[in-house]
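Please read the structure below before turning to the comments.
The values are calculated or read from the model by the stated rules, or taken from the named source; none is laboratory data. These numbers come from a predicted model, not from an experiment. Note that we place each Cβ from the backbone using ideal geometry, even for glycine, and neighbour counts take in every protein chain shown.
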Amino acid sequence: MTDDLDKLSGPVPAPRQSARDAALSAGLSAFDGEFSDPTTKGSATGGRLRGVINTLRSLSMPNFFPAGSRPALAALLVASVALPTTIFVINEQNTIAETDALVPARTEGGLVAQDDTRSVQADAPSTSVVAPTEEAAPEPIAIPQPTTSEIATPRAPVPVSPQVSAVPVPTHTARPDLRARSEMAEPMVQGAFRESADMVVSPGFTNDPTGSERYAPGAVGDYQSVADAPVSTFSADVDTASYARMRRAILAGQVPPPEMIRPEEVLNAFAYDYPVPETRDVPFRATTTLTDSPWTDGAQLLHIGIQGYDLVGEDRPPANLVFLIDASGSMESPDKLPLLIRSLEMLVDQMAPEDTIAIAVYAGNAGIVLEPTPARERTRIRAALNSLRAGGGTAGAAGIETAYDLAQEAFIEGGANRVILATDGDFNVGPSDPLALERLIAEKRETGVFLSVLGFGTGNLRDDTMQALAQAGNGTAAYIDTLSEARRVLVEQATGSIFTIAKDVKLQVEFNPAVVESYRLVGYETRALSREDFNDDRVDAGEIGAGHRVTAIYEVLPQGVRPDGPPLRYAEGDTATETATTTTLADELGFLQIRYKAPDGDESRLITAPIVVGDAIPLTETSDDVRFSVAAAGFAEKLRGAPGLNDVEWADVIALARGGLGDDTDGRRRELVELMELGASLTDR
């Protein structure tokens, strides 16, 4: 009797030539497809299989593999292609069994020991978190589990940083409230942010030729006739992001696009020695200087310097901070997530022991890396920061919700409650309308939790989004491109960046038509308000932090000096001017008003000061602060092609800046002079 298994004991039949040809053809086709396919194949760089191919191609195959062995080589190559396909199929089943040391898992009842054989969700968010080895390690990041519909939809394997491969990955357990929110959220799709018709898209300052950066529109302000518009109103702004981005572009040998430059943020990037308020009850002190303009013959400059009250010692309230960190794939480069982590470490070192810090991330989905933790536990906080890895999409909306939840859990009455969003601004998944995100942040600010934004990197920077979110959240926007800039924003200005002394700060200048023909505000185009907005407490405006300074400059054309252009046909019979001459004080150029609210207040307060014509002094006799700030404004205006500065020589702008260097103990003013010199050489090409 012959068993079917006996047939296997015979000689192995020779393979058919047709089968060998088919296998060889399939293997070569698979390799050719791997070269031509630009998509990532299981790694952050997309080069897993390509690296193998390049290595094989670099060898001399005739020398290493005789002609008789090439069929075996073809079979080996086919197997190398099939192997990752098999792994991919296993991944598509959503679980991979793996064994490692006992890992504590967090449940609602506390910590329980996990079984040493566990399942890792293949659809887990792409942020890889290394289990910290330092003492007082952070609890595992809480990641929402995928919904049923997500599990049913095949997805490519999650990219994992090679640095993580040899380290046990902590088990991720989702908090019930976050899981529910994840399942209820609207679908997140690529390119969900709609492009605004007014959005300005500029080439990104990156080696990637396809990179682009988006900026909020803001045309250069022109002269306004006092007869038609006697009042100028705008929101206070202490952001500095534009200066840092402009600096990075110039140092890269590129002329910044005009829309990148906001002169008010260049002005406010430097420290000025303005007189300080005497008490916290009146948190601002305004100083005005009237001098001659170096840009236009016969014109004058009205320089306004506002100094905020500083909080020191017992005046400083406790802080409750939530770091909301973008750990998506776009954050992988050294000037993004790695620089972000080191920057936030600097801020952690500035916090008082009783302050609290929490960390949330978003990358595909949102999760919690660190629950609210006393700042005294710096080792634990640092370990949580250094556990982050970049990968995946950018679920910004879900992350913001999570961060606000954490802020509310640790809310401090009378304290500084703030979410600090750190990102490159590339929200490539999220709500279909960015205005919905702004509305969410605006609603949250009413609970007493404010939001500030730190921008990193180039190429896909969404400046327009970051500026809009910071304004909606009663916060500030800064751009960090170096550790030096991180130290300036998060160490030297830590108090001002965290602690608010006034919100909804608005400035209004009424010009005397008997004295002033027309005026032009330098910058603040994206902060302009209507005349009626000034007295309307429902209208949102900027916030000012402890010790912050606000600088604004108007170029003023006195009566008899008109802006460039044809003469007005009816100028001599201007009724408004004639009436003003007989009804107003001829010795006043204008009237300055500042309206603001307390950080926790709903009703505004008012500060006023007249601007006297007789106080005008020559520019050469003004303070170093005034001369330097005028030079900084001229530099920004000239770079963006403002009217009236095309005929101003670069040498004159640079000389004015050098004359206002003063002590310059931190060297930042000299840095601007160097940027001026580089900018002049770039624009003169």
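Okay, residues lined up against (1) surrounded by fewer than 19 Cβ atoms within 10 Å (Cβ to Cβ); (2) over 18 Å from residue 529 (Cβ atoms); (3) touching an Asp or Glu at 6+ places or on another chain (Cβ under 8 Å):
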position	(1), (2), (3)
228	yes, no, no
241	no, yes, yes
244	no, yes, yes
250	no, yes, no
270	no, yes, no
273	yes, yes, yes
282	yes, yes, no
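List pairs: first residue in the range 590-615 and closer than 21 Å to residue 447 by Cα, second residue assigned to a loop (DSSP other than H, G, I, E, B) anywhere in the structure, Cβ distance under 6 angstrom, at least six positions apart or on different chains.
Here the result reads 597/604; 604/537, each pair linking the range 590-615 to a residue that is assigned to a loop (DSSP other than H, G, I, E, B).
For the structure I just gave you, tell me whether residue 282 is β-branched (Val, Ile, Thr), out of contact with any His (no Cβ under 8 Å at 6 or more places or on another chain), part of a helix (DSSP H, G or I) and closer than 27 Å to residue 623 by Cα. So that I can check it myself, show each step before the final result.
Values: β-branched (Val, Ile, Thr): yes; out of contact with any His (no Cβ under 8 Å at 6 or more places or on another chain): yes; part of a helix (DSSP H, G or I): no; closer than 27 Å to residue 623 by Cα: yes.
In short, no.
With (1) within 19 Å of residue 249 (Cβ to Cβ); (2) out of contact with any Pro (no Cβ under 7 Å at 6 or more places or on another chain) as the list, and residue 660 as the residue in question, which single condition is left unmet?
(1)
What's the number of the only condition in (1) under 22 Å from residue 488 (Cβ atoms); (2) of a type in the set (Gly, Ala, Ser); (3) buried (at least 17 other Cβ atoms within 10 Å of the Cβ) that residue 286 fails to meet?
(1)
Criterion first (assigned to a helix (DSSP H, G or I) and small (Gly, Ala, Ser)) does residue 343 satisfy it? Before you say what the answer is, go through the steps one by one.
On the way: assigned to a helix (DSSP H, G or I): yes; small (Gly, Ala, Ser): yes.
Yes.
When residue 293 is evaluated against the numbered criteria (1) surrounded by fewer than 22 Cβ atoms within 10 Å (Cβ to Cβ); (2) out of contact with any helix residue (DSSP H, G or I) (no Cβ under 9 Å at 6 or more places or on another chain); (3) within 20 Å of residue 626 (Cβ to Cβ), which criterion, by number, is the only one it fails?
(2)
Looking only at the range 311-332, filter to residues that are touching a Gly at 6+ places or on another chain (Cβ under 7 Å) and at pLDDT below 90; which one of those is farthest from residue 496 (Cα to Cα)? Don't jump to the end; show me each part of the working.
At the first step, the residues of the range 311-332 found to be touching a Gly at 6+ places or on another chain (Cβ under 7 Å) are 317-320, 324, 328-329.
Those left that are additionally at pLDDT below 90: 328-329.
Values: 328: 29, 329: 31 Å.
Here the answer is 329.
Taking interchain pairs and intrachain pairs at least six residues apart, which have beta carbon atoms under 8 angstrom, with the first residue in the range 649-674 and in the same structural domain as residue 619 (by TED's automatic domain parsing) and the second among the acidic types (Asp, Glu) and not in a helix (DSSP H, G or I)?
650/684; 670/664
For the range 650-666, check the following and say yes or no: at least one residue is over 31 Å from the mean Cα position of the chain (by Cα) and closer than 20 Å to residue 520 by Cα.
no
Filter the helices (runs of 4 or more DSSP H) completely within the range 561-668 down to those with at least 2 residues that are in contact with a helix residue (DSSP H, G or I) (Cβ under 9 Å, 6 or more places away or on another chain) and at pLDDT 95 or above.
Details: elements: 575-583, 624-639, 650-659.
Where helices (runs of 4 or more DSSP H) fall fully within the range 561-668 and carry at least 2 residues being in contact with a helix residue (DSSP H, G or I) (Cβ under 9 Å, 6 or more places away or on another chain) and at pLDDT 95 or above, they are 624-639, 650-659.
Does residue 308 satisfy the criteria of being small (Gly, Ala, Ser), under 20 Å from residue 241 (Cβ atoms) and either crowded, with 24+ Cβ neighbours inside 10 Å or touching a residue at least 24 places away in the same chain (Cβ under 8 Å) (or both)? Spell out how you get there, then give the answer.
On the way: small (Gly, Ala, Ser): yes; under 20 Å from residue 241 (Cβ atoms): yes; either crowded, with 24+ Cβ neighbours inside 10 Å or touching a residue at least 24 places away in the same chain (Cβ under 8 Å) (or both): yes.
Yes; evaluated as a whole, the condition is true for this residue.
Looking only at the range 284-320, which residues are within 30 Å of residue 411 (Cα to Cα) and of a type in the set (Asp, Glu)?
310, 314, 315, listed by residue number.
Of these, 673, 653, which one is farther than 19 Å from residue 293 by Cα and surrounded by 15 or more Cβ atoms within 10 Å (Cβ to Cβ)?
673
Scan (1) surrounded by 21 or more Cβ atoms within 10 Å (Cβ to Cβ); (2) at pLDDT below 95; (3) in contact with a Pro (Cβ under 8 Å, 6 or more places away or on another chain) for the single condition residue 542 breaks and write down its number.
(3)
Determine whether the range 263-270 contains at least one residue that is within 16 Å of residue 519 (Cβ to Cβ) and either in a strand (DSSP E or B) or of a type outside the set (Asp, Glu) (or both).
Looking for residues that are within 16 Å of residue 519 (Cβ to Cβ) and either in a strand (DSSP E or B) or of a type outside the set (Asp, Glu) (or both), one finds at least one in the range 263-270, hence yes.
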